[in-house]
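Inspection log for the structure reproduced underneath, given as structure tokens.
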Amino acid sequence: MTHIIQTSVHSIEECKRAVEELHKKGYTKEQITLVTNNAYQEAVLENWDLRGADGAIISSHSLLEKVNDLFNLKQYEYFQEKTGTFPDGMDFLADHRAAIENGSIVIITEEPAA
């Protein structure tokens, strides 16, 4: 099982669109993991009144229904320490750590075995 970083997005709205595109490409909920900072994680989990760029309300619960895990960095590190799921150990997200801390959301997918 191989995991890759698909993309890094800067808003929950962008994340929702990217996850929907992954589903259209055939990815399942079980294959998608999100990693973000505490504030974005809380906003998604609590389903705060989120508005898209066009002013429309975004339901973060519909995003949660389409992903397997939503980790903040500390949870990701704990999960990685216990399971070793992602490649390269803790270095897997090294290039994205600062962006995550500043509010980006990294989308990771589990790729099918070749």
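The values are calculated or read from the model by the stated rules, or taken from the named source; none is laboratory data. Here the structure is a predicted model, which is why all the values come from computation and not from measurement. When we count neighbours, we look across all protein chains shown, and the Cβ atoms used for this are built from the backbone with ideal geometry, even at glycine. Please note that ligands, DNA and RNA were not included when accessible areas were found on the heavy atoms of the full protein model with its side chains. Shrake-Rupley method; radii C 1.70, N 1.55, O 1.52, S 1.80 Å.
Okay, residues lined up against (1) over 21 Å from residue 85 (Cβ atoms); (2) surrounded by 12 or more Cβ atoms within 10 Å (Cβ to Cβ); (3) acidic (Asp, Glu):
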position	(1), (2), (3)
8	no, yes, no
14	yes, yes, yes
33	no, yes, no
46	yes, no, yes
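Pairs, please: C-beta under 8 Å, at least 6 apart or cross-chain, first residue free of Cβ contacts under 8 Å to residues at least 40 places away in the same chain and in region 60-84, second assigned to a loop (DSSP other than H, G, I, E, B) and open to solvent by less than 80 Å² (accessible area, probe 1.4 Å)?
From region 60-84, the pairs are 61/47; 72/37; 73/37; 79/85; 80/86.
Report, by residue number, each residue of region 17-31 that is in contact (Cβ under 8 Å) with a residue 24 or more places away in the chain and open to solvent by 50 Å² or more (accessible area, probe 1.4 Å).
Across region 17-31, the qualifying residues are 20, 23, 29, 30.
Within region 85-111, restricting attention to residues that are free of Cβ contacts under 8 Å to residues at least 40 places away in the same chain and out of contact with any Leu (no Cβ under 9 Å at 6 or more places or on another chain), which residue is nearest to residue 12 (Cα to Cα)?
98
Does residue 40 meet the test of being of a type in the set (Phe, Trp, Tyr), crowded, with 17+ Cβ neighbours inside 10 Å and modelled with pLDDT of 85 or more?
So residue 40 passes the test.
Just to verify a result, which residue in region 50-91, among those that are β-branched (Val, Ile, Thr) and surrounded by 10 or more Cβ atoms within 10 Å (Cβ to Cβ), is nearest to residue 28 (Cα to Cα)?
Ranking the candidates gives 67 first.
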